[in-house]
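Peer 1: To start, I am sharing the structure in question, which I have written as structure tokens.
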Amino acid sequence: MSTSGDEGAPSQDVPAGLKGLFVDTILDALERGTIDLAVHSAKDLPAEDEDGLVIGAVPERADPADVLVLREPTLPAGAVIGTSSIRRRAQLLRAFPGVTVEDLRGNVDTRLRKVAEGVVDAAVLAAAGLARLGVSPKHAAPLGLDVMVPAPGQGALALQAREDDFPTLTALASLDHAPSRTALEAERSLMWRLGGGCTLPLGALATVDNTRVELIAVVVSPDGSRVARAEVVSDSPEGAAGAATKALIADGAEEILESLGDDG
């Protein structure tokens with residue numbers, strides 16, 4: 001299915017704003033019963049499920065990292081980097097002073113083509129997305145957590161069904177990977193606590209070891225000048241999300257988020 005995000009143009013009727021660009025058409029088909037199962041990149045989902053829909057399974061998570069795909073072996077001074085994500089934009093400006101970040105939309109093939117054609121010098125893409133498509137760009141540099149904290153849900157798949165479709169939900173149960181689901185729940189809970197909006201400059205990554213949930217999160221001002229960072233440990237996804245929210249606010253996240261509202 002082709003979504004508004006795949007087509008590279010904002011839709012006028014997208015669930016949860018821009019956060020739903022890559023799921024709008026699919027969610028509509030699932031709600032209408034045209035399809036019985038939707039497979040999403042979890043990072044494209046809003047913080048809350050649509051009424052009547054649930055995540056039936058979260059398979060084992062792939063690499064959650066972001067990757068900088070370059071046209072040349074190294075990033076030139078004053079480079080132009082493409083991304084449509086405010087989270088990526090903010091962290092790029094913080095990590096690479098002097099670069100220009102331009103809006104870059106479309107699916108993976110479209111963005112890679114614009115790098116090759118010189119529309120931009122580089123673009124940021126999800127490692128998991130490249131791997132699932134079997135794409136290995138010639139010049140690609142994984143971005144560490146000190147540079148780029150990924151989006152909530154990045155690298156994870158969310159298999160979604162209608163909440164009253166018990167045969168489908170039963171069939172999905174064997175595909176669920178408990179640690180990956182717990183990590184996703186922590187990251188989505190944090191996103192919800194901070195407003196759940198599509199334009200949050202929020203990075204969050206949870207890792208799970210038995211009952212131990214570690215959550216790293218950042219909120220960065222769009223120009224990269226201010227950052228709030230938290231690293232917390234809890235025995236539950238909700239506990240980790242709550243502790244990270246508190247730590248982020250203590251580190252200035254509230255002021256950053258309020259300034260976004262001031263900018264409209």
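The values are calculated or read from the model by the stated rules, or taken from the named source; none is laboratory data. These numbers come from a predicted model, not from an experiment. Every residue, glycine among them, receives a Cβ derived from its backbone with ideal geometry; neighbour counts consider all protein chains shown.
Peer 1: Select, from Thr182, Thr170, the only residue that is among the polar types (S, T, N, Q), without any contact (Cβ under 8 Å) to a residue 40 or more places away in the chain and out of contact with any His (no Cβ under 8 Å at 6 or more places or on another chain).
Peer 2: So the residue among Thr182, Thr170 that is among the polar types (S, T, N, Q), without any contact (Cβ under 8 Å) to a residue 40 or more places away in the chain and out of contact with any His (no Cβ under 8 Å at 6 or more places or on another chain) is Thr170.
Peer 1: In region 230-264, which residues are touching a residue at least 60 places away in the same chain (Cβ under 8 Å) and touching a strand residue (DSSP E or B) at 6+ places or on another chain (Cβ under 9 Å)?
Peer 2: The initial filter retains those residues of region 230-264 that are touching a residue at least 60 places away in the same chain (Cβ under 8 Å), namely 257, 260.
The one that is touching a residue at least 60 places away in the same chain (Cβ under 8 Å) and touching a strand residue (DSSP E or B) at 6+ places or on another chain (Cβ under 9 Å): Leu257.
Peer 1: Got a sec? Which helices (runs of 4 or more DSSP H) wholly within region 154-264 have at least 3 residues that are surrounded by 23 or more Cβ atoms within 10 Å (Cβ to Cβ)?
Peer 2: On the way: elements: 166-172, 178-193, 237-250, 253-262.
The helices (runs of 4 or more DSSP H) meeting that bar are 178-193, 237-250.
Peer 1: A further question follows. Looking for something within 22 Å of Gly153 (Cα to Cα) and at pLDDT 95 or above - is there at least one such residue anywhere in region 114-121? Walk me through it before giving the result.
Peer 2: Filtering region 114-121 down to residues within 22 Å of Gly153 (Cα to Cα) leaves none.
No, region 114-121 has no match at all.
Peer 1: Could you tell me which numbered condition Pro150 fails, if it satisfies all but one of (1) surrounded by 15 or more Cβ atoms within 10 Å (Cβ to Cβ); (2) in contact (Cβ under 8 Å) with a residue 60 or more places away in the chain; (3) farther than 22 Å from Thr245 by Cβ?
Peer 2: (3)
Peer 1: Could you give every pair whose Cβ atoms fall below 6 Å, whose first residue belongs to region 51-72 and is within 30 Å of Val101 (Cα to Cα), and whose second residue is in a loop (DSSP other than H, G, I, E, B) and not small (Gly, Ala, Ser), counting only separations of at least 6 or pairs across chains?
Peer 2: Close Cβ pairs satisfying both conditions: Pro64/Pro150; Pro64/Gln154; Asp66/Met148; Asp66/Pro150; Val69/Pro137; Leu70/His139; Arg71/Asp121.
Peer 1: Which ones in region 198-225 are under 24 Å from Ala126 (Cα atoms) and free of Cβ contacts under 8 Å to residues at least 40 places away in the same chain?
Peer 2: Residues satisfying the conditions are Ala206, Thr207, Val208, Asp209, Val213, Glu214, Leu215, Val219.
Peer 1: Only one of these conditions is not met by Lys138: (1) charged (D, E, K, R); (2) part of a loop (DSSP other than H, G, I, E, B); (3) closer than 29 Å to Asp36 by Cα. Which number is it?
Peer 2: (3)
Peer 1: Out of all the residues in region 124-141, is one or more charged (D, E, K, R) and either outside the structural domain of Asp49 (by TED's automatic domain parsing) or in contact with a Lys or Arg (Cβ under 9 Å, 6 or more places away or on another chain) (or both)?
Peer 2: Initial filter on region 124-141 (charged (D, E, K, R)): 132, 138.
Within this subset, residues satisfying the condition of being either outside the structural domain of Asp49 (by TED's automatic domain parsing) or in contact with a Lys or Arg (Cβ under 9 Å, 6 or more places away or on another chain) (or both) are 132, 138.
Yes, region 124-141 contains a residue that is charged (D, E, K, R) and either outside the structural domain of Asp49 (by TED's automatic domain parsing) or in contact with a Lys or Arg (Cβ under 9 Å, 6 or more places away or on another chain) (or both).
Peer 1: Just for strands (runs of 3 or more DSSP E) wholly inside region 18-81: which have at least 1 residues that are surrounded by fewer than 16 Cβ atoms within 10 Å (Cβ to Cβ) and under 18 Å from the mean Cα position of the chain (by Cα)? Lay out the reasoning, then the answer.
Peer 2: On the way: elements: 38-41, 53-57, 66-70.
Answer list for region 18-81: 38-41.
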